[in-house]
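Laboratory data are not the source of any read-out in this text; all were calculated from the coordinates shown. Since the model is a prediction, treat every value here as computed from it, not as a measurement. Methodologically, a virtual Cβ is constructed for each residue, glycine included, from the backbone with ideal geometry; neighbour enumeration extends over all protein chains shown.
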Ligand code: PHE
């Protein structure tokens, strides 16, 4: 990135696209998406998800990009400049991001734990994958390893951020293409396993009877999380763009890349799970315990497994840095803090919440310190954090952002920014205006209300 008028800019068009895609492509695509696609009916879920990304996802992203580039400010400053009554929308996004990054770093640490395990101790992982996973999380005493790697991941995230946004651009430019190539390789390997065709059939067979309200809401929540929307990250990233960049094509490219990675991950994991006959588990265990069983059954599985966890790690670190950057930008630009002080302060709180997140998974339940997962009327702390962000705060952030663009700032101003005052083509501008004004607030409002009514049932 280079500095112009005290404001850094991405040094190249590709740098921005890869950084924004790096933020979007993360644990959400590889760790969460395949499990949800499997649980919500395969092919039909894919179609619903694609429609949601194409309509709601792209429009909210466009809304965030235009707010950021118009003002050249971070989330809070940007909203304040457009209408000072709405600066809190940016603040809400920063808070959401901060909660996410607390647990995100821990799960990123699990990926590192598994890289180490595949290199040094793969026999133990494969002896009993579920027991190994639970053991990592504290089934037999304090989960020192998981906490240690979580800490390392967090420090790494902070270290990259401490080099300024240039660090993010540099890292994304290298890691994103590597990730893409690795993912395609793994997908081809998985789809050509004997027995993989059952999984392919499952992912391609469209049966809309599997789609209910829960599946639609899951797809909506997943889309926001996956595209990094609703918390101002994309506002902040776009604020580093110059007036010459084309926001219309950038939106299309970032949404397409993110969705492709989710689809590749689905087509990598589900066929392999069918080929090996190992029932997929949901949530955390899916990417770790279940997949260990898959790699065990694949020739060259130790190497392929290690590659997979590297991939998960790359995807996670390009996202965690984007979230933390949003928080640090807020503290330095809005609260006048030194970058270093802001970073250290964030890390201390992230570590405390992160420790609680990890301990609440297994260890506290076993010790009877925390309510158990059974029954689910009392969520464990970790589930609660994810529920709070995915079901409530992210959709709320996206809702107020589209409401702001649709009804306060006005779609025409956003379109003017998107096209660079008419220099770039935006054939779908009228559709965008309609969607951001009517469809988005209604659809997103529905998730929030339904999420509150159905509560933890929506995962
Ligand atoms: N999009 C990232 C993922 O899919 C997570 C994320 C959410 C990053 C919100 C930034 C903001 O893992």
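For this structure, a couple of remarks:
- The spacing between region 424-451 and region 169-194, judged by their C-alpha centroids, is 32 Å.
- Considering only alpha-carbon pairs that sit under 8 angstrom and 6 or more positions apart, the relative contact order computed for the chain is 32 percent.
- Shape category assigned to region 17-73 from the gyration tensor of Cα positions, a/c cut at 1.5: oblate
- The C-alpha atoms of the chain define a longest principal axis, and helix 13-24 lies at about 50 degrees to it.
- Computed over the chain, the convex hull of the alpha-carbon atoms projects to a mean area of 20.3 nm².
- Region 81-220: C-alpha gyration tensor shape, a/c 1.5 cut-off, then a/b vs b/c: oblate
- Helix 301-333 and the longest principal axis of the Cα set of the chain meet at an angle near 30°.
- Label point at residue 85 placed 7 Å out along Cα→Cβ; residues across region 396-415 whose backbone nitrogen lies under 20 Å: 397-414
- Each peptide in 167-175, 218-226, 206-214 receives the mean, over its residues, of other Cβ atoms within 10 Å, and ordering these scores from highest gives 218-226, 167-175, 206-214.
- Taking every alpha-carbon pair in region 301-343 and binning the separations at 10 Å intervals from zero gives 27, 29, 21, 16, 7, 0 percent.
- To the nearest ten degrees, helix 144-162 and the longest principal axis of the Cα atoms of the chain are 20 degrees apart.
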